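The structure appears below as structure tokens.
The values are calculated or read from the model by the stated rules, or taken from the named source; none is laboratory data. In this text the structure is predicted, and so the values were computed from the model without any measurement. We place every Cβ from the backbone using ideal geometry, glycine too, and count neighbours over all the protein chains shown. Each accessible area value is taken on the protein alone, full model and side chains, heavy atoms only, with ligands, DNA and RNA left out. Shrake-Rupley method; radii C 1.70, N 1.55, O 1.52, S 1.80 Å.
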Amino acid sequence: QKISVADTTPPVITGVPGDSTIECPATPVFATPTATDDCGSATLTFVDGSTGTCPVVHVRTWTATDLCGNTATAMQKISVADTTPPVITGVPGDSTIECPATPVFATPTATDDCGSATLTFVDDSTGTCPVVHVRTWTATDLCGNTATAMQKISVADTTPPVITGVPADSTIECPATPVFATPTATDDCGSATLTFVDG
């Protein structure tokens, strides 16, 4: 009598958690599953792969193989997301300078825990006395998260204009008619209007 004991049942893999998401820059930590087989032992191997960018999906695929070549597979996915904006450093507080000085803006830097970040800026100005110059920086990381920072430099004008071309006091003999000078007014921060009153 011959009785053949066949093994056509795949092994069983246990201890594989469901998919999960972590925040960059954390590193994926995969489970340590086990493989069992009703007819003996089973070996467990795995292959890693990753896809995508935002998020990056890390995949570990385990394969259990029993003594008769039956196999079973299991998979764990860990997504590494980047939802944190980059950081802009090196932006000073608001300041005021005196005309005709020219605003000199800072040169900040942008950093990101998950890679590089690009830094762009837009300039604007408002007002007249003072003129407020505003530079707004925007940092953008590889996943499109953004952060902004702003520097304001007010250009004030507290210096009076200068009148030139006014001669010293003089005396003329009647019936001569007074002839007044034609002075000019200048200002370091722009034009100046000149008016007069006689008395």
Unmet criterion (only one of (1) loosely packed, with under 13 Cβ neighbours inside 10 Å; (2) in contact with a Ser or Thr (Cβ under 9 Å, 6 or more places away or on another chain); (3) within 30 Å of C54 (Cα to Cα)) for L142: (1)
Scan of segment 93-126 for residues that are assigned to a loop (DSSP other than H, G, I, E, B), over 19 Å from T148 (Cβ atoms) and either open to solvent by 50 Å² or more (accessible area, probe 1.4 Å) or among the small types (G, A, S) (or both), ordered by number: P100, A101, T102, V104
Options V57, V91, V80, V87; residue that is touching a Phe, Trp or Tyr at 6+ places or on another chain (Cβ under 8 Å), in contact (Cβ under 8 Å) with a residue 12 or more places away in the chain and of a type in the set (V, I, T): V91
Answer residue from segment 145-165, given it is under 30 Å from E23 (Cα atoms) and not polar (S, T, N, Q) and is surrounded by the fewest Cβ atoms within 10 Å (Cβ to Cβ) among those: M150
Options C174, C129; residue that is outside any strand (DSSP E or B), under 30 Å from P108 (Cα atoms) and open to solvent by 70 Å² or more (accessible area, probe 1.4 Å): C129
